[in-house]
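Chemist: The structure's right below; bear with me while I get my questions together.
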Amino acid sequence: FLYNRMGYWSDWSIPILVTTAAGFTYITVLLILALCHIAVGQQMNLHWLHKIGLMTTLITTVVTMSSIAQLWDDEWEMVFISLQATAPFLHIGALAAVTALSWLIAGQFARMEKATSQMLMFTAYLAVVVALYLVPLTISSPCIMEKKALGPKPAIIGHRGAPMLAPENTLMSFQKAVEQKMYGVCAGCYDGVPFLMHDKTLRRTTNVEEVFPERAYEHSSMFNWTDLEKLNAGEWFLQNDPFWTAGSLSRSDYLEAANQSVCKLADMLEVIKDNTSLILNFQHLPPDHPYYSTYINITLETILASGIRQQAVMWLPDVERQLVRHIAPGFQQTSGLKLDAERMREKGIVKLNLRYTKVTNEDVRDYAMANLSVNLYTVNEPWLYSILWCAGVQSVTSDSSHVLRKVPFPIWLMPPDEYHLIWITSDLISFIVIVGVFIFQKSVPDIPLLSCRWRLGSIRTYNPEQIMLSAAVRRSSRDVKIMKEKLIFSEINSGVETTDELSLCSENGY
């Protein structure tokens, strides 16, 4: 997105994640310190630097979330998918946190003098606890299932080859995909000599700005093959390191990647024809292109001439399907649009190729019952792959096919009975602990010795003048002198000679 508008390539997800983690860690530390202040009965006096830090974090969060909502609206579906993978464990963590918080809540409850305030605090805390106890009723994860119901491992299709191991859509990338024993590859093609290129221009993945600077923004299909052969399609991968993997390449792979060129469709088919399936897609050519009306025929001729099995080709473009069925009846007609099963049968489509946020677990089951398969893209993380595996997805397209291939089993799989046992046991333990804490805190003030130890072991409760005085201890000003005088007179009026006497303890209390 940014590259197409700014011409500068960078993976912005890393700095966004690092900044977010730092900001929320900082807030969490402040919250813990605030709880400690409450626990010992000390009033909170937030330093102005922390106020600035909190406001900066708040403003940054609002701006970033608003930007994501505008630019990457589809990403919000990730929240629900990630909860399918983490909700059972987040529930246990939240339950532990709220149970631990009961010590502070019970202490405040016991020290409150007004019954109304006690009831408000107790009701609010009870509502949160009960809600957490019942949250598992709303948790729906495909991996909460019987192990015997788990389907076969989804096939893995390399996205533009193996783009984490080699420059995308190059011969080296497809060779790496075959070495990793991938189920298939996903590619696109252009020109009278079909070649593989994802973008409309050559700027991102070649050195076209150096070789043909005046044509850098020209549509890639308007270059003839002689000009394309002059371009380097590998150096960008080593310079930009889009997946942070270039440093892990061996010396020989590094040198090979640096010398890659634009790949012909015919050359790619020669590499994969005996081992791998293919999802083929392409963008429409400009109307003034010399092969505008015949490029589909040329592409079909190239595929059939390669000797690859027709059943191994998943044809994704939605144009000229009747022509494709007539010339290559064995191709698997694949749709990039979400359709219902009946509509797919009418159009002769046997496979869907969709983004993983576009289908639900119910959709996958419905398609499977109709003998239709679903391929989801672009799945790079083992946890996401595991969730889709549990959901029954047949195949996924991935940039990290070499990583997913090593996943032998879903990261976690839990039978419903086992999950219910963990859920109920956790709730019972939490309930017993909370009740015990409230009873203990209620009885503590009635035991002088325990009360004495508790208060001696904590920081004293200061009046406002003491707090302000401690905050300004290193300053000499008229305000500090006034606060000192107020503090002295308040203690004299109370009949106390020194502040240390405020901490004295006897068998009967203070």
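Chemist: Just to be sure I follow the rule: in segment 155-405, considering lysines 8 or more places apart or on different chains, how many pairs have Cα atoms under 21 Å apart?
Modeler: Total qualifying Lys-Lys pairs in segment 155-405 comes to 12.
Chemist: A follow-up question, please. How big is D for segment 98-153, in µm² s⁻¹ as a whole number, if Stokes-Einstein is applied with the Kirkwood radius of its Cα pairs at 20 °C and 1.002 mPa s? Please list the in-between numbers first.
Modeler: On the way: Rh = 14.3 Å.
Roughly 150 µm²/s, to the nearest whole number.
Chemist: Moving to a separate point now. What Rg and what Dmax come out for segment 26-177 when only alpha-carbon atoms are used, in angstroms?
Modeler: Answer for segment 26-177, Rg first and Dmax second: 24.0, 77 Å.
Chemist: Give me the dipole magnitude in Debye, nearest 20, for segment 155-405 about the Cα centre, with unit charges on the beta carbon: positive for Lys and Arg, negative for Asp and Glu.
Modeler: Values: 23 positive and 29 negative charges, 152 e Å.
In debye, rounded to 20, segment 155-405 gives about 740.
Chemist: Thinking of segment 258-382 as a set of Cα atoms, what percent of all their pairs are more than 16 Å apart? Write down the numbers at each step before the final one.
Modeler: Working: 5200 of 7750 pairs.
Result: 67 percent of Cα pairs exceed 16 Å.
Chemist: While we're on this one: Could you go through segment 101-111 in sequence order and give the Karplus-derived ³J(HN,Hα) for each residue, using 6.51 cos²θ - 1.76 cosθ + 1.60 with θ = phi - 60°, rounded to whole Hz, and x for Gly and Pro?
Modeler: After applying 6.51 cos²θ - 1.76 cosθ + 1.60, I find 5, 4, 4, 5, 4, 5, x, 5, 4, 5, 8 Hz.
Chemist: Whole number in Å², please: accessible area per residue of segment 155-405, 1.4 Å probe, ligands, DNA and RNA not counted.
Modeler: Details: 10730 Å² over 251 residues.
For segment 155-405, the per-residue accessible area is 43 Å².
Chemist: Okay, next question. Leaving out ligands, DNA and RNA but keeping every protein chain, what accessible area does THR116 have, in Å² rounded to the nearest 10, with a 1.4 Å probe?
Modeler: 100 Å²
Chemist: Give me the orientation-averaged projected area of the Cα convex hull of segment 155-405, in nm², one decimal.
Modeler: Details: hull surface 53.9 nm².
About 13.5 nm², averaged over all directions.
Chemist: For segment 155-405, which whole-number percentage of the solvent-accessible area (1.4 Å probe, protein heavy atoms only) is attributable to carbon and sulfur atoms?
Modeler: Values: 5250 of 10730 Å².
Carbon with sulfur: 49 percent of the solvent-accessible area.
The values are calculated or read from the model by the stated rules, or taken from the named source; none is laboratory data. Bear in mind that the values here come from a model prediction, so they are computed numbers and not experimental data. Here the Cβ is made from the backbone with ideal geometry for all residues, glycine too, and neighbour counts use every protein chain on show. All accessible areas refer to the heavy atoms of the entire protein, side chains included, with ligands and DNA or RNA removed. Shrake-Rupley method; radii C 1.70, N 1.55, O 1.52, S 1.80 Å.
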